[in-house]
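Since the structure comes first, as structure tokens, the remarks are kept for the end.
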Amino acid sequence: MSLQTPRVLPAHLHAFHPSSATGPRATHTVRLLGTVTALRGDTATITCGNNGDVTLLLKPDSHLQMGKLIEVVGKVVDLEGGQGLGVRVLGTMDWGNPADCDYKAYEYVVEATHRVKGIFYDSNE
Amino acid sequence: MDGGYGYQNNSYGGGGGGGGGGFMPGETNSPSGGKGESNQTLRPVTVKQALDATQPYPEANYQIDSADASTICFVGQVRNISSQSTNVTYKIDDGTGEIEVKQWNDPSSADSMDTDEAKEGDDGGSGKPKIELNGYAKVYGKLKSFGNKRYVGAQVVRPLTNINELHVHLLEAAAVHLFFTRGPPGPKTEAGSGGAVGKGGEMSMGGGDYAAGNNKALPAMSPVARRVFNLLKNEPQSNEGLHMQLIAAKLNLPATEVSRAGDELLTAGLVFSTVDEMTWAILEY
């Protein structure tokens, strides 16, 4: 089976952590959608609607721009210094102006992909 | 059995069917009619669904959720583009899986590339040049397989730039999946509210029928099973119930689909088989 990257919200990251208590998953790679709100060299922060922030560990060739809506594909990892969970970026997609996106629709998509799991992701639990 | 045919003759009187011929219309007309209908549908799916689609027999249309889905559309990121002399092959990944998409070069559109109109701007040409690596694209096409490899023969591959369209597509795919596996949402709510009203009217339509006869506790089922159940409920019949072929003819459905719907109803304990395995009656208690 090819790589699956579930679409999630920040609150779901813990379930995809490698040491997650919910059992081994096929993937620790997830998709997130958020607005770039801070850029600090090799890390960045995205804000996911009203669902909180996520710290990204960037690739050297990541080119993010402040204030843009981006979709991130990345691995869930521990942040240095026990600051919780972050995402190591594998790839990003720039969707432009956050105002053009109905974030509520994305929240529904995340909900639908978990409720009607059969057509989106293999279940390994 | 004889009782069943008697009714068949009666109902066919208007339509001009003959006694023994009852089998033939069901066998010959329904499958072709069904095909024509389903080939027209364009179904929104996820890549995983496309990969999981099954063929009832080799060379048949692919089925998703037991419904024909030859023409599908999906949205995903373009992970690879390889241009060959006869076709362009894309690898599309929507987060649920990855599938190959082949778009055959159309000689007529290739010609038009050389015209002045096409030269005026990128927009004048086909949508193909604008598809970017790692950008999103929407694909319309038919499921195919070559050897053991599944791919999509694309009619259209176009770039997708509005993220809302991506989200709507995923929600649509989920909604259509639920429609085929659990039936339409409408009748269910009607059954709740229309129950009291439907009680008097025997000949009410659609979901009202369950509300009338069976209270609200009708389990989720496929639309075909619903129709078979409705027919069994409303059709005058002897205590032997109705034969599968007769149901197929009345509903104008292929016998295989009716048979499958029957299995579903049998499993759910809503009907029982009478004189033979293919004759069913409503299980009332």
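Ordering A:LEU39, B:LEU170 by the number of other Cβ atoms within 10 Å of each residue's own Cβ, fewest first, gives A:LEU39, B:LEU170. Exposure proxy shown here: for B:ARG226, A:ARG115, the number of other Cβ atoms within 10 Å sets the order, fewest to most, as A:ARG115, B:ARG226.
With all pairs of different C-alpha atoms in the average, the Kirkwood value for the hydrodynamic radius of the stretch A:10-115 is 14.1 Å.
With the charge dipole of the stretch A:10-115 set up from +1 on Lys and Arg Cβ and -1 on Asp and Glu Cβ about the Cα centre, the Cα lying farthest toward the positive end among the listed residues A:VAL109, A:VAL77, A:LEU39 is that of A:VAL77. Model label sites at B:PHE272 and B:GLN40, defined 7 Å from Cα along the beta-carbon direction, differ in position by 4.2 nm.
Applying 1/(1 + (r/R0)^6) with r as the Cβ-Cβ distance of B:PHE146 and B:ALA220 and R0 = 35 angstrom yields a FRET efficiency of 0.45.
Quickly estimate the mean residue ellipticity at 222 nm for chain A, helices only: each DSSP H run with n ≥ 4 gives -39500 (n - 2.57), and the total goes over all residues, rounded to 500. The helix contribution divided over chain A gives -3500 deg cm²/dmol. Using 0.36 nm per residue and subtracting the Cα-Cα separation, the extra length available between B:ASN239 and B:LYS130 on full extension is 32.7 nm. Panel order for B:LEU160, B:LEU133, by other beta carbons found within 10 Å of each beta carbon, from fewest to most: B:LEU133, B:LEU160.
FYI, it's all coordinate maths here, none of it is from the lab. Being a predicted model, the structure only gives us computed values, none of them experimental. Virtual Cβ from ideal backbone geometry, glycine too; neighbours counted across all protein chains shown.
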